[in-house]
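The values are calculated or read from the model by the stated rules, or taken from the named source; none is laboratory data. Bear in mind that the values here come from a model prediction, so they are computed numbers and not experimental data. All Cβ positions, even for glycine, are placed from backbone atoms using ideal geometry, and neighbour counts span all protein chains on display.
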Amino acid sequence: MLLAEQQLLTAERMKQTALLLYADLDGLKRINDSLGHPEGDRALIDTAGLLKRTFRTSDIIARLGGDEFVVLAIDTSDHAEETILQRLQDYLVNHNLQENRAYQLSVSAGITRFDPDQPCTLDELLERGDKAMYEQKQAKKRVFTNHMD
């Protein structure tokens, strides 16, 4: 958290934008309950690996706890949100195509932008990212529910 706060201060001073991705591993409880905690741990490790491949080595990737991850990417382009979400989705699809998968990894993610001209705190950015992620998770549930009808 301290490193992320420092990065935001630097971004503000250098007039750089930043993106915060707030991600949630969907269905971790189901994986733990049906396949055991070692498999749940493997799902968390796989998710962290997908995030590492999606982002640059200079970006900050952290697990907040449970099934939640956050990534802070500094100096991003105006269209980075779409690129990042598409890259993450592509890595998820490729991961899930591997043989002998007992379950499909699914990640709900929300992205929010840090504007150096209208700076905010890390906590505010996290709150906005969490809200965006929750909205995507709810949209997924609506699509799934409508698909079942």
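One table, with the values for the structure above:
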quantity	calculated
Residues being crowded, with 17+ Cβ neighbours inside 10 Å and either closer than 16 Å to Val70 by Cα or among the hydroxyl-bearing types (Ser, Thr, Tyr) (or both) - total across the stretch 10-30	10
So Gln7, is it farther than 25 Å from Asn96 by Cβ and either aromatic (Phe, Trp, Tyr) or crowded, with 20+ Cβ neighbours inside 10 Å (or both)	yes
Residues of the stretch 8-43 classified as under 27 Å from Gln104 (Cα atoms), under 19 Å from the mean Cα position of the chain (by Cα) and of a type in the set (Ser, Thr, Tyr), total	1
Residues of the stretch 75-90 satisfying the condition of being within 13 Å of Ile111 (Cα to Cα) and of a type outside the set (Ser, Thr, Tyr)	Asp78, His79, Ala80, Glu81, Glu82, Ile84, Leu85, Gln86, Leu88
Pair list, Cβ < 8 Å and 6+ apart or interchain, from the stretch 57-83 residues that are under 18 Å from Asp130 (Cα atoms) to residues that are outside any strand (DSSP E or B) and at pLDDT below 90	Ala73/Ala80
Selection from the stretch 74-88 of residues that are in contact with a strand residue (DSSP E or B) (Cβ under 8 Å, 6 or more places away or on another chain) and over 14 Å from Lys15 (Cβ atoms)	Ala80, Glu81, Ile84, Leu85, Leu88
